[in-house]
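Here the structure is laid out as structure tokens; the discussion comes afterwards.
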Amino acid sequence: MSKPGQKVFIVDDDASFLRSIERLLRSSGHATECFGSASEFLARRTPGAKGCVLADLRMPGMDGMALQAKLAQSADPLPVVFLTGHGDIPTGVEAMRRGAEDFLVKTAPKELLLAAIERALARDARENTARTRRRQLQSHFEKLTPREHQVLSQVMLGRRNKQIATDMGIEERSVKRHRTNLMRKLEVTSVAELVQLAIEAGMPAAE
Amino acid sequence: MSWITAIWSIAAGVSLTLAAVHILVWVRKRNALEHLFFSVSAMAAAVIAMQELALMHAQTPAEYGAMLRWMHVSAAAMAISIVWFIRCHLRAGRIWLAWLITGLRIAILILNFSLSPNASFQEIHALREIAFLGETLSSPVGSGSAWRVLIHLSSVLLLVYTLDAGVAAWKRGRSRQALLLSSSILAGIILAAIFSGLMVRGILPGPFIALIYLPFVFAMAFELSLDLIRSNQLSGELLQSEKRMSLAARAADLGLWEWNVVGDEVWTNDVGSNRVRASGSDRPSIERYLALVHPDDRDRLRATLHHTLEGSEDFQAEFRMTGADGAERWIAARGQVERDEQRKPLLLRGVSVDITARRQAELELQTHRNELALVQRVSAMGQLSLALAHELNQPLGAILRNAEAGESFLRQDPPDLGELREILIDIQNDGRRAADVIDRMRALLRHGDLRLEAIELQELIEQVAALLNAEMQARHATLHSVLPHRLPKVRGDHIQLQQVLLNLLLNSLDAMDGMENITRRIEIHADQVEDGLIELAIEDTGTGIDPDRLPHLFEPLLTTKAEGTGIGLAISKTIVEAHGGRIWAENNPDGGACILIKLPIAREEPAA
């Protein structure tokens, strides 16, 4: 079952199959939206939409793999479940390697298919939370001044205030003030918390 | 014996002998009437000779008169038979004149027997004795009959008739016969007229007709003998020629046959009759022969025979017959019709050859070709198997998902019947779609004999395109066909032409596979190029063909592909050539290859 706000975006050039899978997902309680081609989906989808993509691997024009690549580049990449008329192993492996949630033949058992969709939706929910948090963190980090950033990266390297002050050619007092400010801006109370947050926000532990 | 008796007897004997010879000839050759007429005239000459002999030795005027009266009968027989002999032999002379002379001579005969003593004399007073060739002979003394003018007239008419016939025959190139016959007859008539005049005047003892006619009889005999000799020669030559012909026919295993259309009799030479033996008489009817023809070929053969008799074309047919040994034989026959002046068919004459061995070899070769083609089709379909499985799983997947969704909808309360109806309709359509895919595959994998029919190219291309649809998509290629409206149909085998197209399209796909940054596009063009041919061009945007390989492209086992068997193009060439077409390859000026095929247009059957 999709969580509220989640949708299964179905992309297939075969109109009849598109209708049938839409019916199945709908009867299983999923919200769905259908697209006849990859480019139609990319053009019409609402930014920030939640859910997953169920796409045919083989389509004229842009195929499933190309769609996946485009999605991965976007800000909110949805998890993809691939369907194919006849599964050939190399393509499947390649799709999985590039991060597809699953790769199924169109005649796959219903349970497998629905399970894959569930997994993809769950992953989307998960990734969505992570993405939201990352965005929050990023907005926190954006509040830091360049000096505070410099101090932060030095702290991450595990250096003491004195060393930082010498290296930066400023007073140790100033370093302390920057540290207090940035910890307040980032809403942390300990250095350990600060380091964990910085790593979570994608800051390198060392330069 | 006196000279006179000797000479006249010899003349009579010679004439009689010739008469006997030619009557025998006529008995054997009933339509050679000239022999009959000659025989009659020679017989008449023999009788005249004997009568003259008796005449010259007559003792009383009454005896002389009676003898002369009977001589008129043989003279008339002679004149009439000469007239008709000329007509038959020279094939000339006016028919009304011939009848006029015949009638006149009969009229003279009637007069002759109604007058006394005969038609020549009004009265014979006495007989005069004349010494002739050392013998004393009788010569009449009396007055000539006024009716003698009729005898002269008949002689003049005979003269005119002979001259006219002689000139006509001369003009037609029979100069020797014309000259010999007419001059001897003319001389005879003139001499006979002179002699009979002399006889009437008592200068000669008789008309000496026997002697006068003797050279003519010889001339005629000479002519007829020449004919006989010539016909003997001809029959000898004919016999030789027949022997040679029969030898040649036997050596070549050539059956000779004649169908007498009027009498409905079939004659065959020994080769022909040994090959197929029609039961019953020596000269069976045509239906008896047709009964031996294979039932599948019989009506066609009968129609061809009929057509030949009605039309102006030569007879030509190939058919199966039950041979003398009971086995089926393939026969090829050709013949010509002989017609009369009204173009009515009289005879169909021809030759026949046993082509069973050739047919069998052809059949075997074709079977091998078909088998090889099938093997190659299977191999080509093998290349397509992934794509086809994909193509098939599309509708199957849709059916499955629809059925699953349908089950869920049924469990709802109340069930959404509208939705369910739509599901069922979709399932039906997809079932049909899946069946179509299988049908297309099965059609190509079928083992079939070559069956030539009229084929719409557009349809053929669409079918192959449907088969290749998934493969094209997988390889990111597109197919476009540009065919003019109302393109005539081609004559060919549906499956094998599909195979050719499939091979060429697969080749084009392979040629475009390794190339990056190109639009993978195949275009098919077709147009009528020259009388009776359609040219089909398949162009791709692939690598093109190495110019060194271009001349050998269609040779078997030449492949540059890792997975190819190398017989696809060779088979395609064999198929196209078996269709009476041609296939070759070119490189496009702007890259890619172009395969060109010429195929014969199907002759439109007239609408029934």
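The values are calculated or read from the model by the stated rules, or taken from the named source; none is laboratory data. Model, not experiment: these values are computed from the prediction. Note that each Cβ is placed from the backbone with ideal geometry, even for glycine, and that neighbours are counted across all protein chains shown. Ligands, DNA and RNA are stripped out before the accessible areas are found, and what is left, the full protein with its side chains, is counted by its heavy atoms. Shrake-Rupley method; radii C 1.70, N 1.55, O 1.52, S 1.80 Å.
Things to note:
- Any chance A:GLY99 is more than 10 Å from every other protein chain (Cβ to nearest Cβ), at positive phi, surrounded by 15 or more Cβ atoms within 10 Å (Cβ to Cβ) and of a type outside the set (A, V, I, L, M): no
- Members of segment B:355-384 found to be of a type outside the set (A, V, I, L, M) and in contact with a Phe, Trp or Tyr (Cβ under 7 Å, 6 or more places away or on another chain), listed by number: B:THR356, B:ARG359
- Of all residues in segment B:143-152, those satisfying the criterion of being modelled with pLDDT of 80 or more and surrounded by 14 or more Cβ atoms within 10 Å (Cβ to Cβ) are B:SER145, B:TRP147, B:ARG148, B:LEU150, B:ILE151.
- Lone qualifier among A:ALA66, A:ALA55 - being without any contact (Cβ under 8 Å) to a residue 40 or more places away in the chain and small (Gly, Ala, Ser): A:ALA66
- For B:LEU363, the stated conditions do not hold, so it cannot be described as within 12 Å of another protein chain (Cβ to nearest Cβ), open to solvent by 70 Å² or more (accessible area, probe 1.4 Å) and among the hydrophobic types (A, V, I, L, M, F, W, C).
- Qualifying residues in segment B:567-590 (those that are surrounded by fewer than 14 Cβ atoms within 10 Å (Cβ to Cβ) and not in a helix (DSSP H, G or I)) - the one modelled with the lowest pLDDT: B:ASP590
- The residue list A:ASP63, A:ASP14 contains one member that is open to solvent by 10 Å² or more (accessible area, probe 1.4 Å), within 19 Å of A:THR107 (Cα to Cα) and either small (Gly, Ala, Ser) or within 13 Å of chain B (Cβ to nearest Cβ) (or both), which is A:ASP14.
- Among residues of segment B:9-50, those that are closer than 24 Å to B:LEU90 by Cα, polar (S, T, N, Q), part of a helix (DSSP H, G or I) and out of contact with any His (no Cβ under 7 Å at 6 or more places or on another chain), counted: 3
- Test result for B:ASP314, modelled with pLDDT of 85 or more and more than 27 Å from B:LYS344 (Cβ to Cβ): no
- In segment B:120-132, the residues that are surrounded by 12 or more Cβ atoms within 10 Å (Cβ to Cβ) and in contact (Cβ under 8 Å) with a residue 24 or more places away in the chain: B:SER120, B:PHE121, B:GLN122, B:ILE124, B:ALA126, B:LEU127, B:ARG128, B:ILE130, B:PHE132
- Applying the criterion of at least 3 residues that are touching a residue at least 24 places away in the same chain (Cβ under 8 Å) and within 14 Å of chain A (Cβ to nearest Cβ) to the strands (runs of 3 or more DSSP E) found wholly in segment B:427-526 leaves B:478-482.
- Within segment B:396-415, tally of residues that are within 9 Å of another protein chain (Cβ to nearest Cβ) and open to solvent by 30 Å² or more (accessible area, probe 1.4 Å): 7
- Test: residue in segment A:40-50 that is within 14 Å of chain B (Cβ to nearest Cβ), free of Cβ contacts under 8 Å to residues at least 12 places away in the same chain and of a type in the set (Ser, Thr, Tyr): no
- Meets criteria (within 11 Å of chain B (Cβ to nearest Cβ), surrounded by 15 or more Cβ atoms within 10 Å (Cβ to Cβ) and of a type in the set (Lys, Arg)) for A:ARG23: yes
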